[in-house]
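What follows is a set of notes on a single structure, which appears directly below.
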Amino acid sequence: MRQVMDLVLEDKPGVLMRVAGILSATGANIEALVVEPYTLRPGLSRMTIVADVEPRLSVRVLRQMNRLVNVLSAADVTGALQRQHPLLITSTAHATTRCSSFHRGSPLDGRAASSRRE
């Protein structure tokens with residue numbers, strides 16, 4: 001079963017290894033992993049993991065992650081995501097035009113204060 005987990009953790013060496021170790025020990029496959037700075041407090045990061053976890057082990061995985069010393073919170077946000085959009089950023093005008101016409105949009109100008117897709 002696909003599970004999306006949101007973790008707030010300390011920026012310390014080895015934290016990613018410990019989190020991945022818990023998933024590896026349960027036989028889960030990590031499909032996507034995103035780490036970004038946590039804007040509310042410096043020294044923390046927010047990690048979002050999409051993993052294929054067996055349904056009978058999903059609660060256990062979150063409990064084990066919450067027990068890690070460097071993890072401040074771990075939550076299952078699987079039902080909270082409504083849509084998933086792929087992100088494509090390109091720097092050439094030709095590729096941008098081709099991509100935007102493929103997705104029925106218009107090319108965005110990076111110099112404009114605000115741009116929108118039509």
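The values are calculated or read from the model by the stated rules, or taken from the named source; none is laboratory data. Everything numeric here is computed off the predicted structure, so don't read it as measured data. FYI the Cβ positions are ideal-geometry reconstructions off the backbone, even for glycines, and counts take in every protein chain you see.
Filtered by the rule that a residue be over 14 Å from Leu7 (Cα atoms), outside any loop (DSSP other than H, G, I, E, B) and of a type in the set (Asp, Glu), the stretch 18-77 gives Glu31, Asp52.
So for the stretch 14-34 (the condition being free of Cβ contacts under 8 Å to residues at least 60 places away in the same chain, under 19 Å from Gly79 (Cβ atoms), touching a strand residue (DSSP E or B) at 6+ places or on another chain (Cβ under 6 Å) and of a type in the set (D, E, K, R)), does at least one residue qualify?
Narrowing the stretch 14-34 to residues free of Cβ contacts under 8 Å to residues at least 60 places away in the same chain: 14-34.
Going one step further and asking which of them are under 19 Å from Gly79 (Cβ atoms), we end up with 28, 31-32, 34.
The next check asks that each one be touching a strand residue (DSSP E or B) at 6+ places or on another chain (Cβ under 6 Å); those that pass are 28, 31-32, 34.
Next cut, of a type in the set (D, E, K, R) only: 31.
Yes, the stretch 14-34 contains a residue that is free of Cβ contacts under 8 Å to residues at least 60 places away in the same chain, under 19 Å from Gly79 (Cβ atoms), touching a strand residue (DSSP E or B) at 6+ places or on another chain (Cβ under 6 Å) and of a type in the set (D, E, K, R).
Would you check if Val15 is buried (at least 17 other Cβ atoms within 10 Å of the Cβ), under 17 Å from the mean Cα position of the chain (by Cα) and either modelled with pLDDT of 90 or more or on the phi > 0 side of the Ramachandran plot (or both)? Reasoning before the result, please.
Values: buried (at least 17 other Cβ atoms within 10 Å of the Cβ): yes; under 17 Å from the mean Cα position of the chain (by Cα): yes; either modelled with pLDDT of 90 or more or on the phi > 0 side of the Ramachandran plot (or both): yes.
It is true that Val15 is buried (at least 17 other Cβ atoms within 10 Å of the Cβ), under 17 Å from the mean Cα position of the chain (by Cα) and either modelled with pLDDT of 90 or more or on the phi > 0 side of the Ramachandran plot (or both).
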